[in-house]
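Just below is one structure, and these are the notes that go with it.
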Amino acid sequence: MLNRTFLSTLFLSSTMVLAQTRSTATGASSLQAPTTLPIVFTNTVSADHSHVGDRVLARTEQVVHLGNGGVIPSGTLIVGHVVAANAFVYDKTPYAQQKPSTLSIRFDSLQVAETTLPLNITVRAMADPITSWDARLSNVNDDRSSPSATQIGGDQLNRSQAEVVSRDGDVVAYNKRDGVYAHLIAHGGCDGSSVEVSVGIYSASACGLYGYTDVSAREMGSPAEPSTLTLVSTRTSPKVWKHGTALLEVLPNQQTVAAR
């Protein structure tokens, strides 16, 4: 009898979670701003080895709370594809201006339970695997106080405290049970926000590329080219590495977002 009661409770709980996830996914035809998606890439694509159409795969790194009360679970699948891939070829001609190598990818959709939602996003910030790994490591404090970590962009997270502070000591985010949340801070080409959103291992003011040596971003997603990331280099073939991370931000409908 006890086993039957336990199994019935487990079944009902699982059903409720699945129903909530489905209602979240079917509540709208697409994600609405302001929403951010902290993601980690689960495969590598590169300008010298990938081809047009190759899949780009990633998963959300923490829970994302939506404005309609729904929830996108941590580990939710993000699917994209390679739009262009041109390998770097060194031109040995004296004084030659090197031709840029290009890697362009498009983020297509987010898959929640049995529902697929199209993505209309900009890549607010992106980091290579080493930078991403460093943001998860605890700093060693001389005074043996509680360990802290440096978010990508410089904010300080003390794992025993709720407040996340900037380099200036201002509280800019909060470390909650299911992840780190913040009001985005305008910086560089990135806009600010007065609504609390998921940031994961990123600072509230994180903007642009981190750890991408000799690589720049020609496009990071804009109304003209939504969900498109284009990396270029005249020294190497750009890559998006497995275990690298990004902070995706949903573009507002019918509004202009500056390309970065």
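Excluding Leu77 itself, what net charge comes from residues whose Cβ is under 13 Å from its Cβ, given Lys and Arg +1 and Asp and Glu -1?
My count for the surroundings of Leu77 gives -1.
Send over a whole-number figure in Å² for the accessible area per residue of region 47-110, probe 1.4 Å.
On the way: 3460 Å² over 64 residues.
The answer is 54 Å² per residue.
Round to the nearest 10 and report in Å² the accessible area of Tyr174, as given by a 1.4 Å probe over the protein chains' heavy atoms.
100 Å²
Pull out a ≥ b ≥ c, the square roots of the eigenvalues of the alpha-carbon gyration tensor of region 112-208, then state rounded if a/c is under 1.5, prolate if not and a/b is larger than b/c, and oblate in the remaining case.
Working: a/c = 1.75, a/b = 1.56, b/c = 1.12.
It is prolate, given that a/c is not under 1.5 and a/b is the larger ratio.
Ordering Trp133, Trp241 by how much accessible area each has at a 1.4 Å probe, largest first, what is the list?
Final ranking, largest accessible area leading: Trp133, Trp241.
Treating only the Cα positions of region 70-170 as identical point scatterers, give the base-10 log of I(q)/I(0) from the Debye formula at each q in 0.14, 0.15, 0.24 Å⁻¹.
-0.87, -0.92, -1.25
On a straight-distance basis, which aspartates and glutamates could pair with Lys239 in a cross-link, Cα separation under 12 angstrom, same-chain partners fewer than 8 positions away excluded?
Asp48, Asp128, Asp214
Quick one: net charge of Ser227's neighbours, Cβ under 12 Å, K/R +1, D/E -1?
-3
With θ set to phi - 60°, apply the Karplus curve 6.51 cos²θ - 1.76 cosθ + 1.60 along region 158-171 and write out the HN-Hα couplings as whole Hz, x wherever there is a Gly or Pro.
With coefficients 6.51, -1.76 and 1.60, one gets 9, 5, 9, 10, 7, 7, 10, 10, 7, 4, 8, x, 7, 6 Hz.
The values are calculated or read from the model by the stated rules, or taken from the named source; none is laboratory data. Given the structure is predicted, the values throughout are model-derived calculations rather than measurements. Methodologically, a virtual Cβ is constructed for each residue, glycine included, from the backbone with ideal geometry; neighbour enumeration extends over all protein chains shown. Accessible surface areas use protein heavy atoms only, side chains included; no ligands, DNA or RNA. Shrake-Rupley method; radii C 1.70, N 1.55, O 1.52, S 1.80 Å.
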